[in-house]
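> What follows is a structure written as structure tokens; I'll ask about it next.
Nothing in this text is a laboratory measurement; each read-out follows from the coordinates by a stated rule. Note that the coordinates shown come from a computational prediction; the quantities given were computed from them, not determined experimentally. FYI the Cβ positions are ideal-geometry reconstructions off the backbone, even for glycines, and counts take in every protein chain you see.
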Amino acid sequence: MDFERNEEQRQIHQMVRDFAREQILPLASGIDATDEFPGELIRKMGELGIMGLPIPEEYGGVGADFVSYISALEEISYASASVGVILAVHTSVGTFPILYFGTEEQKQRFIPKLASGEYLGAFALTEANAGSDAASLQTQAVRDKDTYILNGSKVFITNGTEADVYCVFAKTNLERGNRGITAFLVERDTPGFRVGKKQEKMGLHGSATSELWFEDARVPLANRLGEEGQGFSIAMRLLDGGRVGIAAQALGIAKAALDAAANYVRVRKQFGQELMQFQGVQFMLADMATKVEAAHWLVYHAASLRGQGKPCTKEASMAKVFATDTAMHVATDAVQLHGGYGYTKEFAVERFMRDAKVTQIYEGTNQIQRIVIARHLDS
Amino acid sequence: MDFLLDREHEQIRQLVRDFANNEVAPGAAQRDEEEHFDEAVFKKMAELGLTGIPWPEEYGGAGMDYLAYVIAVEELSRVCASTGVALSAHTSLAGWPIFKFGTEEQKQKYLTPMAEGRWIGAYGLTEPGSGSDAAGMRTTAVRDGDDYILNGSKVFITNGGAAQVYVVFAMTNPEQKTRGISAFILEQGMPGFSIGKKEKKMGIRASTTVELVFEDCRVPAANRLGDEGFGFKIAMMTLDGGRNGIAAQALGIAQGAFELARDYAKERKQFGQSIAGQQAIQFKLADMATKIEAARLLTYQAAWLESTGHPYGQASAMSKVFASDTAMQVTTEAVQVFGGYGYIRDYPVERMMRDAKITQIYEGTNEIQRMVIARYVLND
């Protein structure tokens, strides 16, 4: 066992941490207030290699390991959970599927652009009536010679209004349930494909969540990802890594909320002393810090397994449930420790609390995660 | 980063697990029922080399690290928390301060027979009027020529009566409060040292818990551990590491209860299906397993920090709080999963729930741990 980062992991962590604290943190409340996609920031992240951190160098990435990628997501989410999710979706479910399942031609065509940040990636599985239950997808893809014709719509698509390439799931065979699902790489300028309007959310402002519409959208056969009917297994293969990514995002939010609360109680005075002198306050902070520490090790344990190519379904779900529940708990208590000020936009903690909420919901609700964990209790 | 156990640690886990299943588990219910500390179990641990895991071979130890030790306590506690705490008190509370602060002579004389398991160790800090607040200690030690004369009493002493070696704290200078405390190594049978009342407890009933009484007890100055006035520091540093031993005990209790609940849920049929088919039970089991996994990582990390020479005070306070709260919650839920049977002594989960409770209290209550953690967080 070794709980320390190796030299490369340390360097990447430091680089991303410095960038996040210097370049992202000052912009975070503005991104939240305007709900505008931080395009300039994403461009800078592309220049630094952050948009292609875990992508092999031969495809224009940095070639960092999965643990380094996860620590980047954590540090960026510490500064801004919105930027964190933009990066997580772009990488974990926007780029990895092409890397894992794409043909060499598809990899050459898309990955260097994604890794450099020239292209932004997105992932479109969820529909109005198919969230956790992917088998009930209604978007259809019908083969017509060298193209597929897609019809249907998707909702809650992160990076939706901004992405250049979307990993889209549609049914090619309505009778086969999960086995009738196929994945496609849909490019933004595809005829018949339309990006809907931005969806207004409680938190994660600026992450450009939107609907997608397919009206006889013609997608070339060359853009089918994997085989017909392989879509569901592609989606499932991405889940473990994606869940660890969201767990890291939640961990970043939780650490930011803990630090904000610790700083505030050191200076805020009531009854003639700093709040930190009150045992009731100390105990809240102790519990917050302990849960954050526990979440930290669950996240890096799962990331390490994932990075070594070992099975990690249970560990990824555990990290996701625990880190996201911790983020919600810690952010809520951070608001509480700020009192009335915590409820105002003057302090970041109210944003942390809004941002934390979705981490319990997306990338498989925490209820779904518990079902997954329960299925793996013998291992 | 690498969270996989290396071969040495896997081996000790397997060794202790087999031993625990074959030699410790079978008598656990009866020992609990009879409040019987079984020295034969301790001797068997000694034969396996478990009584001095982290001490160097020159002192009769196994020369392994704290992670190996923590894994052993976890595996023993998985089937019998009383056996787990006996080893934990022996190693972390009695062995550790002698190893860290003892003179060469003291180590040869006391640590070696303890590491070899010929002698059992105990730790006497708590008094009726001073638990978490050590400065309120009343036991005194007055220098008289080459001896100290101890008067006073200690309570809740794990392994007391069975132990031959006791690390005891007493005031050598009451005016200096915590800076007036000194540590001593006492032997069973020293004149004026007697064992008082044996406590009847809710749980860990197969570990012995007694009162120690000192009536003009003469202890040679050669048995003073560290300098005069250094006792409080020794006590606190000992507890820092000891906490992680308790975290390991709690982790083992939780793991044992979880496994029983999981297996029972698969067997038990109601409404025509096993109760494991009910989502309410699945979610309970998922939460239990997740917390145990988190507790394990916290506990192993604290042990790793100590083994590799890093500061571990904050980490062991966190592991202690989290693992013990997890043990209480998991054992309570395990009783719930067993339903009415869980409340019956025929099944081990009710014992595990009683055993879990103490882990939130001793070795620094969880409230004290939270004060410790808050200090670290706020001074960061």
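> Mind checking which lysines have their Cα closer than 28 Å to the Cα of A:Lys198? Skip sequence neighbours fewer than 8 apart in that chain.
Straight-line reach from A:Lys198, under 28 Å: A:Lys44, A:Lys113, A:Lys154, A:Lys171, A:Lys320, A:Lys345, A:Lys357.
> For helix A:231-267, what angle does its Cα long axis make with the longest principal axis of chain A, in degrees from 0 to 90 and rounded to 10?
20
> Based on the Cβ-Cβ distance from B:Ile344 to A:Val267, what FRET efficiency comes out when R0 is 60 Å, to the nearest 0.05?
Details: r = 55 Å, r/R0 = 0.91.
Rounded to the nearest 0.05, the efficiency is 0.65.
> For the modelled label position 7 Å from the Cα of B:Lys200 along Cα-to-Cβ, which residues of segment B:128-156 have backbone nitrogen atoms closer than 19 Å?
Taking a point 7 Å out along Cα→Cβ of B:Lys200, the residues of segment B:128-156 whose backbone N falls under 19 Å are B:156.
> Then there is this: Using a basic spin-label model with each label point 7 Å from the Cα along Cα→Cβ, how many nm lie between B:Asp133 and B:Ala40?
4.6
> Among A:Arg109, B:Arg78, A:Arg266, which comes first, then next, by fewest other beta-carbon atoms within 10 Å?
On the way: A:Arg109 17, B:Arg78 26, A:Arg266 13.
Fewest-to-most ranking of A:Arg109, B:Arg78, A:Arg266: A:Arg266, A:Arg109, B:Arg78.
> What are the ³J(HN,Hα) values, in whole Hz, obtained from phi via the Karplus relation 6.51 cos²θ - 1.76 cosθ + 1.60 with θ = phi - 60°, for each residue of segment B:10-16 in sequence order, with x given for Gly and Pro?
4, 5, 5, 4, 5, 4, 6
> Which whole number gives the average count of other chain Cβ atoms within 10 Å of the Cβ atoms across peptide B:3-9? Mind dumping the intermediate values first?
Working: counts 12, 7, 1, 2, 0, 0, 1.
Neighbouring Cβ atoms belonging to other protein chains average 3 per residue here.
> What's the exposure ranking of B:Met288, A:Met284, going from fewest to most Cβ atoms within 10 Å? The partial results should precede the final answer.
Numbers: B:Met288 25, A:Met284 21.
Ordered by Cβ neighbours within 10 Å, fewest first: A:Met284, B:Met288.
> Let me ask something additional. Rank-order B:134-145, A:325-336 by packing density, defined as the average count of other C-beta atoms within 10 Å over each peptide's residues, highest first.
On the way: B:134-145: 16.6, A:325-336: 24.8.
The densest-packed peptide leads the list: A:325-336, B:134-145.
> Sort A:Ser77, A:Ser304 so that the residue with the fewest other Cβ atoms within 10 Å of its own Cβ comes first and the one with the most comes last.
Values: A:Ser77 31, A:Ser304 22.
Ordered by Cβ neighbours within 10 Å, fewest first: A:Ser304, A:Ser77.
> Within a 10 angstrom radius of each residue's Cβ in B:361-370, how many Cβ atoms of other chains show up on average? Whole number is fine. Can you show the working numbers first?
Working: counts 0, 0, 0, 0, 0, 2, 4, 0, 2, 9.
Taking the mean over all residues of the peptide, I get 2.
> Then there is this: With a ≥ b ≥ c taken as the square roots of the eigenvalues of the C-alpha gyration tensor of segment A:232-375, please select rounded if a/c is under 1.5 and otherwise prolate if a/b is larger than b/c or oblate if it is not?
On the way: a/c = 3.07, a/b = 2.31, b/c = 1.33.
Taking the square roots of the gyration eigenvalues as a ≥ b ≥ c, segment A:232-375 is prolate.
> Is the C-alpha gyration tensor of the protein assembly as shown telling us rounded, prolate or oblate? Criteria: a/c under 1.5 is rounded; beyond that, a/b larger than b/c is prolate, otherwise oblate. Let's see the in-between values first.
On the way: a/c = 2.51, a/b = 1.97, b/c = 1.27.
Cα axes put the protein assembly as shown in the prolate bin.
> Another one. Measure off 7 Å from each Cα along the Cα-to-Cβ vector at B:Gln329 and B:Glu175, then give the distance between these two points in nanometres to one decimal.
Taking the simple label geometry, B:Gln329 and B:Glu175 are separated by 5.0 nm.
> Please give me the summed charge of the neighbours of B:Ala29: other residues whose Cβ is under 11 Å from its Cβ, Lys and Arg +1, Asp and Glu -1.
On the way: positive: B:Arg31, B:Arg205, B:Arg345, B:Arg351; negative: B:Asp32, B:Glu33, B:Glu34, B:Asp346, B:Glu350.
Net of charged neighbours comes to -1.
> Note down the relative contact order for segment B:122-229 as a percent, whole number, built from C-alpha pairs under 8 angstrom at least six residues apart. Could the numbers behind the result be given before it?
Numbers: 258 pairs, mean separation 33.9, N = 108.
Computed over segment B:122-229, the figure is 31 percent.
> So how tilted is helix A:66-79 from the main axis of chain A? Cα-based, degrees 0 to 90, rounded to 10.
Taking Cα atoms only, the helix is inclined about 60 degrees.
> In addition: Are there trypsin sites (Lys or Arg not before Pro) in segment B:299-366 that DSSP marks as loop and that have at most 15 other Cβ atoms within 10 Å, and which are they? Intermediate results must be reported in sequence, preceding the final value.
On the way: sites: B:Lys320, B:Arg345, B:Arg351, B:Arg354, B:Lys357; in loops: B:Arg345.
Qualifying residues, ordered by number: B:Arg345.
> Across the residues of B:278-286, average count of Cβ atoms on other protein chains within 10 Å?
Details: counts 0, 4, 0, 1, 6, 6, 2, 4, 15.
That works out to 4 on average.
> Where a ≥ b ≥ c are the square roots of the eigenvalues of the C-alpha gyration tensor, would you call segment A:7-120 rounded, which needs a/c under 1.5, or, failing that, prolate if a/b is larger than b/c, or oblate? It would help to have the intermediate numbers written out before the result.
Values: a/c = 2.20, a/b = 1.44, b/c = 1.53.
Note, shape of segment A:7-120 comes out oblate.
> Provide the net charge surrounding B:Arg17, with neighbours chosen by a C-beta distance below 10 Å and charges set as Lys +1, Arg +1, Asp -1, Glu -1.
Working: positive: B:Arg13, B:Arg78; negative: B:Asp18, B:Glu74, B:Glu75.
Result for the local shell: -1.
> On to the next question. Measure up A:Lys310/B:Lys266; B:Lys284/B:Lys357; A:Lys255/B:Lys320; A:Lys314/B:Lys284 against 25 Å on the Cα-Cα distance and list the ones that go over.
On the way: A:Lys310/B:Lys266 27 Å; B:Lys284/B:Lys357 20 Å; A:Lys255/B:Lys320 21 Å; A:Lys314/B:Lys284 15 Å.
Those over the limit are A:Lys310/B:Lys266.
> May I pose another question? With θ set to phi - 60°, apply the Karplus curve 6.51 cos²θ - 1.76 cosθ + 1.60 along segment B:331-343 and write out the HN-Hα couplings as whole Hz, x wherever there is a Gly or Pro.
3J(HN,Hα) across segment B:331-343, in whole Hz: 5, 5, 5, 5, 4, 4, 4, 6, x, x, 4, x, 8.
> Can I ask one more? Check which residues have an amide H placed less than 5 Å from A:Glu127's amide H, if you skip close sequence neighbours.
Amide H to amide H, under 5 Å and 5 or more residues apart or across chains, A:Glu127 pairs with A:Val155.
> Shifting gears a bit: Where does helix A:366-375 land angle-wise versus the long Cα axis of chain A, in degrees 0 to 90, nearest 10?
Long axis of A:366-375 versus the principal axis of chain A: about 80 degrees.
> If contacts are Cα pairs under 8 angstrom and at least 6 residues apart, what is the relative contact order of chain A in percent? The partial results should precede the final answer.
Numbers: 753 pairs, mean separation 61.3, N = 379.
It rounds to 16 percent for chain A.
> Then there is this: Given R₀ = 51 Å, FRET efficiency for A:Met202-B:Asn379 by Cβ-Cβ distance, to 0.05? Let's see the in-between values first.
Values: r = 35 Å, r/R0 = 0.69.
FRET efficiency, A:Met202 to B:Asn379: 0.90.
> Applying 1/(1 + (r/R0)^6) with R0 = 35 Å to the Cβ-Cβ distance of B:Asp263 and B:Thr308, what FRET efficiency is obtained, to the nearest 0.05?
On the way: r = 37 Å, r/R0 = 1.04.
That pair, B:Asp263 with B:Thr308, gives E of 0.45.
> Taking the Cα atoms of chain A alone, what are Rg (to one decimal) and Dmax (as a whole number) in Å?
Gyration radius and largest Cα-Cα distance of chain A: 20.8, 79 Å.
> Also, I was wondering about something else. Could you name the aspartates and glutamates whose alpha carbon sits less than 18 Å from that of B:Lys200, not counting residues in the same chain fewer than 8 places away?
Leaving aside aspartates and glutamates fewer than 8 places away in the same chain, those within reach of B:Lys200 are B:Asp32, B:Glu33, B:Glu34, B:Glu35, B:Asp38, B:Glu127, B:Glu211, B:Glu350, B:Asp355.
> Residue by residue through segment A:306-316, which ³J(HN,Hα) values in whole Hz follow from phi under the Karplus form 6.51 cos²θ - 1.76 cosθ + 1.60 (θ = phi - 60°), with glycine and proline marked x?
Using θ = phi - 60°, the values come out as 4, x, 8, x, 8, x, 8, 4, 5, 5, 5 Hz.
> Moving on to the next point. If you add up the charges near A:Thr139, with Lys and Arg at +1 and Asp and Glu at -1, over every other residue whose beta carbon is less than 13 angstrom from its beta carbon, what do you get?
Values: positive: A:Lys154, A:Lys171; negative: A:Glu127, A:Glu211, A:Glu215, A:Asp216.
So the environment of A:Thr139 carries a net charge of -2.
> Can you pull out the GluC sites (Glu not before Pro) in segment A:282-379 that DSSP calls coil and that have at most 12 other Cβ atoms within 10 Å?
Details: sites: A:Glu293, A:Glu315, A:Glu346, A:Glu350, A:Glu363; in loops: A:Glu346, A:Glu363.
Loop-located and lightly packed - A:Glu346.
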